[in-house]
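Reviewing the structure listed below.
What follows draws every value from the coordinates through simple rules; no lab data is involved. Note that the structure is predicted; figures quoted are calculated from it, not measured. Cβ placement follows ideal geometry from the backbone for every residue including glycine, while neighbour counts extend to all protein chains displayed.
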Amino acid sequence: MSRPGDSWRLRESYTFDRHVIAEIHRAANTGVYRIRGWGAKRKMPILDDLVFLGASMSRYPLEGYRESCGTDLVIGEERAARPLRIDIPITIAGMSFGSLSAQAKEALGRGASAMGTSTTSGDGGMLPEEREHSSKLVYQYLPSRYGQNPDDLRRGDAIEVVVGQGAKPGGGGILLGQKVSERVAGMRTLPSGIDQRSACRHPDWTGPDDLQIKIHELREIVDWQVPIFVKIGAARPFYDTALAVKAGADAVVVDGLQGGTAATQDVFIEHVGIPTIAAIPEATRALQDLDVHRGSVKLIASGGIRSGADVAKALALGADAVSIGTAALIALGDNDPAYDDEYRKLGSAAGFWDDLQDGTDPAGIATQDPRLTARLDPVIGGRRLANYLQVLTMETQTIARACGKSHVSNLEPEDLAALTVEAAAMAQVPVAGTDWIPGARR
Amino acid sequence: MSAPHPVTTVDLAETPLRDLNRTLHQARQGSFRVLNPRGAHAVACGIDADIAVEVHGSVGYYCAGMHQKGSVYVDGNASTGLAENIMSGTVRITGSATMSAGATGHGGLVVIEGNAGARCGISLKGADIVVGGNVGHMSAFMAQAGNLVVLGDAGADLGDSVYEANMYVRGEVESLGADAIAKDLRPEHARTLAGLLAAAGMEADPWDFKRYGSARSLYNFHIDDIDAELARRAG
């Protein structure tokens, strides 16, 4: 017979908690690793662990509603005949048609264009709808080379050589058969319905010396018209950034551990790479060592950027711009509580859903099912994204002005303090109220 | 009938590579002779017109990269990534190519009269490659569509993780990669092969070749479901 308080005797194991037990049961039932979307869900030091030191007696703030605070950025001025000029330091990260619906890709283009910034293609080629509605489109050059062709290369406003991404540094993409529709398969030259696993290495270059020659080739093919980015998953960002610069990149995109994906092994998402807060200072240090920081080579940081505070902190740590992926999809309606009933039918719930890989997205974003994709109106989606980008920009300016900066790129580590020892060590800024930077490099 | 176009000669000992490629990109027709390539990288890459280019000497990486429509003929050897991502047209070299020749090619024809190194035809997406000699290890790795024809031998792990591409090898295959198997050479394959050999200007009997392709066992994850099985048993 049970008595009040009996349940207090239950103690969940820290090591084998319910999530772990459920995963072991799932693995034992299926014999295949868990593949899911979204990004890392584990607890880790993030940009919330930093705060700004607003202006006071020794620093003068700018008037929040009156004095100008610039947000524009030019990438590739030194080498490209047509540098990429963006109005805000927030871009849309590469996400493939295949992982996303055509409507979602169009909405991303519309939203980014309305705010004068760029969107990015993805693994699977350039979608006509995306090109048409993106005033500035970065064309990704990926290991798989799905749909890669010189016409689209020339149509891009920049080229991004993808070495890796934050959700899976060292791994290639996955697109499960449910999402490999006839159109997706055709663009990738693959049979429809297969579980498509992309290459993790480029087929025709290995190492930084080869990359230098590859970048040269790409510049020759487009007659030196557009800038070239190199995107890396944050693992060894100091060395990778330095090598990307040496190879001739105009911009280095560093994607932290929190960076999202539409489909990857859970073990990869949670356990490979380093957090964005740790990656940005390392990449910045490499650029400073090579005397190109805030100069000829730009740094774009991504992975877990959600708010203007995150944008401002990334810039203060040394980034010139950020990229958003997961947050952009949320702005379009991903995990919308309005679809909670449908998420629950899928064994999840609004706010928890991460099965972007299985093609059943109730919001019509990460799916190729026409019944679902029809739910996303690209025009409305574009407006939502533009509004969100507007808020991010205004928030970033709010903080920059409070720190006395007339341009968001003037934010600097000196404007920051850390709330935890771990964040202080990773971001290389002092613990709040002290001058202590754990592990400071002299 | 229009008069034949004069051949334009570009000497890379005197002309920067950038000028050569820009000239080739601006040309809509005509013939070009390139002298003294001296192993330069990215020679004649990005061509997108029905022009004919002859390169006299050996070239470095990515010669005729992302080639479309016209023809590039190299009288010499080529380094990594010859005709990578070729879309259409023809690229031919008289010597040998090092790694990743014809990588990711979507269409067109690549002819290598000598040998090709490792990863020839890697991630092939519809182009045809004919190699007069041997190919190195991991050739046709993850090849998705198109044909790799090898008149000599193939190195280890031929066709690893291949999709719908065909590999025809006349000589020995050191080993097949994961999911690659020998397949029947049927009359329709022999006809395809004969056409490719003729287009490449190589004399060989199609029936002397063996065909290899995908077992298609890696196309989908194999997912068990013990719980469902038990539920069925329980009625």
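A few points about this structure:
- Per the Debye calculation on segment A:46-105 with a single equal scatterer at every Cα and no solvent contribution, log₁₀ I(q)/I(0) for q = 0.14, 0.17, 0.23 Å⁻¹ amounts to -0.82, -0.97, -1.03.
- Cα-centred dipole magnitude for chain B, charges only on beta-carbon of K, R (+1) and D, E (-1), debye, nearest 20: 460
- For chain B, modelled as a GNM whose springs connect Cα atoms under 10 angstrom apart, the maximal fluctuation among B:109, B:148, B:196 occurs at B:196.
- In order along segment B:206-220, the phi-based Karplus estimate (6.51 cos²θ - 1.76 cosθ + 1.60, θ = phi - 60°) of 3J(HN,Hα) comes to x, 6, 7, 9, 10, 9, 10, x, 8, 7, 6, 8, 9, 5, 9 Hz; Gly and Pro are listed as x.
- Relative protection proxy for A:97-110, B:172-185, from highest mean packing down: A:97-110, B:172-185 (other beta-carbon atoms within 10 angstrom).
- Distant alpha-carbon pairs in segment B:175-223 (separation over 13 angstrom), percent: 64
- Phi-derived couplings, Karplus 6.51 cos²θ - 1.76 cosθ + 1.60 at θ = phi - 60°, listed residue by residue for segment A:279-293: 6, 4, x, 5, 5, 4, 4, 5, 5, 5, 4, 8, 6, 10, 5 Hz, with x used for Gly and Pro.
- With only the Cα atoms considered, segment A:243-288 has a convex hull volume of 91 Å³ per residue.
- For segment B:115-148 versus segment B:209-235, the spacing of their alpha-carbon centroids is 29 Å.
- When chain A is treated as a GNM with alpha-carbon contacts under 10 Å, the residue of A:282, A:63, A:395 showing the greatest mean-square fluctuation is A:63.
- Spread of Cα-to-Cα distances over 20 Å intervals beginning at zero, given as percent, for segment A:36-427: 30, 60, 9, 0
- Per-residue Cβ neighbour rank within 10 angstrom, fewest leading, A:14, B:212: A:14, B:212
- Angstrom value of the Kirkwood radius, inverse mean 1/r, which spans all Cα pairs in segment B:7-233: 17.9
- Taken along its principal axes, the alpha carbon cloud of segment A:152-246 reaches lengths of 41, 32, 21 Å, longest axis first.
- Ignoring lysines fewer than eight residues from residue B:125 along the same chain, the ones with Cα atoms less than 22 angstrom from its Cα are A:179, A:214, B:69, B:183, B:210.
- Counting Cβ atoms of other protein chains within 10 Å of each Cβ in B:222-230 and taking the mean gives 3.
- For segment A:313-362, the Kirkwood estimate of hydrodynamic radius, built from reciprocal distances between every pair of different alpha carbons, is 12.4 Å.
- One quarter of the surface of the convex hull around the alpha-carbon atoms of the protein assembly as shown equals 38.4 nm², the direction-averaged projected area.
- Gaussian network model of chain A, Cα within-10 Å springs - most flexible of A:261, A:91, A:373: A:373
- Violating pairs (Cα-Cα greater than 28 angstrom) within the set A:168/A:246; A:41/A:231; A:298/A:405; A:168/A:405: A:168/A:405
- At q = 0.20 Å⁻¹ the log10 of I(q)/I(0) for segment A:284-424 amounts to -1.11, computed by Debye summation with a single uniform scatterer per C-alpha, solvent ignored.
- Euclidean distance between Cα centres, segment A:384-410 to segment B:47-61, Å: 50
- Annotation: amide H-H contacts under 5 Å for residue B:73 (H modelled 1.01 Å from N, sequence separation of 5 or more, or interchain): B:53, B:54, B:55, B:92.
- Computed over chain B, the per-residue total of -39500 (n - 2.57) for DSSP H runs of n ≥ 4 gives a 222 nm mean residue ellipticity of -4000 deg cm²/dmol, rounded to 500.
- Packing-based ranking, highest mean first, of B:78-85, A:68-75, A:244-251, B:40-47 given that Cβ atoms within 10 Å are counted: B:78-85, B:40-47, A:244-251, A:68-75
- For the peptide A:22-32, the mean number of other protein chain Cβ atoms found within 10 angstrom of a residue's Cβ is 3.
- B:233, B:18 arranged by Cβ crowding within 10 Å, fewest neighbours leading: B:233, B:18
- In terms of packing, defined here as the mean over residues of other Cβ atoms within 10 angstrom, the peptides B:153-164, A:35-46 line up highest first as B:153-164, A:35-46.
- Using θ = phi - 60° and Karplus 6.51 cos²θ - 1.76 cosθ + 1.60, couplings along segment A:101-106 (whole Hz; Gly, Pro as x): 6, 4, 5, 5, 4, 5
- Potential lengthening of the chain between residue B:172 and residue B:28 amounts to 47.5 nm, from the contour at 0.36 nm per residue minus the alpha-carbon distance.
- Counting only Cβ charges, +1 for Lys and Arg and -1 for Asp and Glu, the dipole size of the protein assembly as shown around its Cα centre is about 620 debye.
- Extension gain (nm, one decimal) between residue A:267 and residue A:441, 0.36 nm per residue minus Cα-Cα: 59.4 nm
- Rounded to 5, percent antiparallel among DSSP beta bridges of the protein assembly as shown: 20
- Close amide H contacts of residue B:45 (hydrogens built in the peptide plane, cut-off under 5 Å, sequence separation of 5 or more or a different chain): B:64, B:65.
- For the residues of B:85-92, the average number of beta carbons from a partner chain within 10 Å of their own beta carbon is 2.
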